């Protein structure tokens, strides 16, 4: 690698690293605020647990930040070099666009390798560790998820409100039970109650004293004229499962959190005949596994696709404004991810081969990049 290549490689590497860090930080803060900040401020998570969980988000956000960071970093570096006439001087000395792009393509291939490692190994392992760490925090202090003077929506199909809490004793308790459309079908209120943790069944047991309840019509719960009236109990018991909080029912359903070895094991299992599972259902499950595998590969190769588009665009844009290049990079990345989401909607239609269609955004971007290369090289 000669001096010019080293100069381009170093600039693009540092700028892409900064862009990946920026996007990763934004995504990590968003996930932390959505999932962790509330429990930490409410005293449900210790500060050291919060820090460990935020650290485990790094591979997860890297999955999305690497392609966007590569695209933005290349646009910024080549846009600056073009506006400073460095590209013009290099091309005037007889160097082609392809020759100037060699160190950037090499860096993009390194990014593809890093993306494959993250997508198939580091991200699944970190995501499972995140779920287990969060679940362990819940199990150690499950009663802390009942926060006074707060509408609690952590339990499926139920909204809770507690006016006052003293250890396991509750006062001014309200409970709304929802149907599948999030409409209130039962409502209960009690002056006092008690909360216990059932370790064996992983659930909270809520015992209400002097409770009053109102039952709505199951077919039309918003029609108050058809309400079945109020009932009163001296004592009533409700179970609040913790599976949603501990993640036990979620971890096994997220194929994206499987490593490459686990995905291949699942694929081999589904390719073998199984009389207990209908052929159509097995075909759908197999297609979901294939889509996950191909999506992880396609996401890693999107680093190369973005680079092929960013190189000619960075040379052609020739603007000094950083915000213009950042905006262009974000627009292209959002277009790619939107196309990927649309393809993901076809996972229930194996005949359409969505596992192959998932490569369509990459093919479009690479075709666009090669066409732009041709146009720039001819200009």
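The values are calculated or read from the model by the stated rules, or taken from the named source; none is laboratory data. Computed from a prediction, not measured in an experiment: that's the story for all the values here. Note: ideal-geometry Cβ built from the backbone for every residue, glycine included; neighbour counts use all protein chains shown.
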Task: Failed item, numbered, when residue 45 is tested on (1) exposed (fewer than 15 other Cβ atoms within 10 Å of the Cβ); (2) part of a loop (DSSP other than H, G, I, E, B) - done: (1)
Open item on the list: Just checking, does the stretch 276-295 include any residue being surrounded by 13 or more Cβ atoms within 10 Å (Cβ to Cβ), touching a helix residue (DSSP H, G or I) at 6+ places or on another chain (Cβ under 9 Å), at pLDDT 80 or above and not in a helix (DSSP H, G or I)?
Closed with: no
TODO: Name every residue in the stretch 329-367 that is touching a residue at least 60 places away in the same chain (Cβ under 8 Å) and either farther than 19 Å from residue 69 by Cα or surrounded by fewer than 12 Cβ atoms within 10 Å (Cβ to Cβ) (or both), in order of residue number.
DONE: 347, 348, 350, 354, 355, 356, 358, 359
- [ ] Name the one entry in 135, 114 that is under 30 Å from residue 259 (Cα atoms), in the same structural domain as residue 294 (by TED's automatic domain parsing) and at pLDDT below 75.
- [x] 135
TODO: Select from the stretch 10-34 the residues that are more than 22 Å from residue 303 (Cβ to Cβ) and surrounded by 15 or more Cβ atoms within 10 Å (Cβ to Cβ) and list them in ascending order.
DONE: 32
Open item on the list: Restricting to the stretch 82-95, count the residues that are surrounded by 22 or more Cβ atoms within 10 Å (Cβ to Cβ) and free of Cβ contacts under 8 Å to residues at least 40 places away in the same chain.
Closed with: 0
- [ ] Only one of these is in a strand (DSSP E or B), modelled with pLDDT under 75 and over 23 Å from the mean Cα position of the chain (by Cα): 214, 209. Name it.
- [x] 214
- [ ] Tell me which of these residue 249 doesn't satisfy, since it passes every other one: (1) within 30 Å of residue 8 (Cβ to Cβ); (2) at pLDDT below 75.
- [x] (1)
Open item on the list: Condition (residue is assigned to a helix (DSSP H, G or I) and under 23 Å from residue 114 (Cβ atoms)) applied to the stretch 77-93: is it met by at least one residue?
Closed with: yes
Open item on the list: Can you pull out every residue in the stretch 158-184 that is in contact with a helix residue (DSSP H, G or I) (Cβ under 9 Å, 6 or more places away or on another chain) and closer than 18 Å to residue 241 by Cα?
Closed with: 168
Task: Check on residue 77, within 21 Å of the chain's Cα centre (by Cα) and modelled with pLDDT of 85 or more - done: no
- [ ] Could you please let me know if residue 124 is out of contact with any strand residue (DSSP E or B) (no Cβ under 9 Å at 6 or more places or on another chain) and surrounded by 14 or more Cβ atoms within 10 Å (Cβ to Cβ)?
- [x] yes
